[in-house]
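Right, one structure below, let's go through it.
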Amino acid sequence: MNIALYRLVAGFRRFRERYFQGQDHEHSAYQRLVSNGQTPKTLLIGCSDSRVDPAILTGAAPGDIFVIRNVANLVPPCEPSNIGLHGTSSAIEFAVTNLKVENIIILGHRQCGGIRALMRGDADEPHTFVGKWMTIAKDVREKVQTEHPDADEEGRCRFAEMESIRVSLRNLRTFPFVEEAIASRNMNLIGIYFDLERGELWECNDTPQAFRQLEI
Ligand code: CO
């Protein structure tokens, strides 16, 4: 068997032993998910980066979080649904209008490859999918260069990783159903930055502009 598939199956064997066999609590919990369907309270939008798996980072159990992962945890602005294909937007729509999540968390992170591509100019004349996708945050590059002219490359990337979380938070509000959910049932929008070099979490609310470190 292919080694990657072998490891996947071995991992699934442990998962199945934990959630599908025996009569322990977790077994019955999973059976409830099967019978009743999912009712996650939180939509988490994270990066595809293999080091920032939301369920692993948060110790989430099956059914806890509805997750979207894409390059650089970006939310595009709302666009007409009849033009193009909108994977991220459609998942946000489902989470908000069908699942009626109470929170949307944007989870950014240090050493983001998508942000690095943005900062080296890949979004200026995009000829790759990543370059085009990163145009969502194209204003971030100029803003960081203007506001942090003395920062080195890593420092600029760090600022850009944080700033792009604000872009996604702002873009979330361009979806009418998001605004409606905030107004009618107080849905929360939360920005979190995972500094994987230091093992820290930072929170950014919509406003003010500052991030603050979360006490762990
Ligand atoms: Co990333």
Under the Karplus relation 6.51 cos²θ - 1.76 cosθ + 1.60, θ = phi - 60°, what is the ordered set of whole-Hz ³J(HN,Hα) values for region 56-67, x standing for Gly and Pro?
5, 4, 9, x, 5, 9, x, x, 6, 10, 8, 10
Starting from the amide H of residue 78, placed 1.01 Å from N in the peptide plane, find each other amide H under 5 Å away whose residue is 5 or more places distant or on another chain.
174, 175
The chain - mean residue ellipticity at 222 nm from DSSP helices (-39,500 (n - 2.57) per run, n ≥ 4, rounded to 500):
-13000 deg cm²/dmol
Along the three principal axes, how long is the chain when you take its alpha carbons, biggest first, rounded to the nearest angstrom?
60, 46, 40
Can you work out D for region 135-216 in µm² s⁻¹ from Stokes-Einstein, where Rh is the Kirkwood radius over C-alpha pairs, the temperature is 37 °C and the viscosity is 0.692 mPa s?
234 µm²/s
Hey, what do the phi angles of region 118-124 turn into as Karplus ³J(HN,Hα) couplings, whole Hz, using 6.51/-1.76/1.60 and θ = phi - 60°, x for Gly and Pro?
4, 6, 8, x, 5, 8, 6
Any residue on another chain or 5+ positions along whose placed amide H is under 5 Å from the amide H of residue 109 is listed here as 194
Rounded to two decimals, the Debye log10 I(q)/I(0) of region 80-150 (Cα scatterers, no solvent) at q = 0.19, 0.21 Å⁻¹ is -0.94, -1.02
So what's the angle, to the nearest 10 degrees on a 0 to 90 scale, between helix 176-185 and the longest Cα principal axis of the chain?
60 degrees
Provide 165, 104 in ascending order of the number of other Cβ atoms located within 10 Å of each residue's Cβ, fewest first.
104, 165
Looking only at GluC sites (Glu not before Pro) in DSSP loops with at most 13 other Cβ atoms within 10 Å, what is the longest site-free stretch of the chain?
1-196
Skipping prolines and chain starts, which residues have an amide H placed within reach, meaning under 5 Å, of the one on residue 44, given they are 5 or more residues away or on another chain?
66, 67, 68, 105
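Values in this text are rule-based calculations from the coordinates and carry no lab data. These figures come from a predicted structure and were not determined experimentally. All Cβ positions, glycine included, derive from the backbone under ideal geometry; neighbour counts span all protein chains shown.
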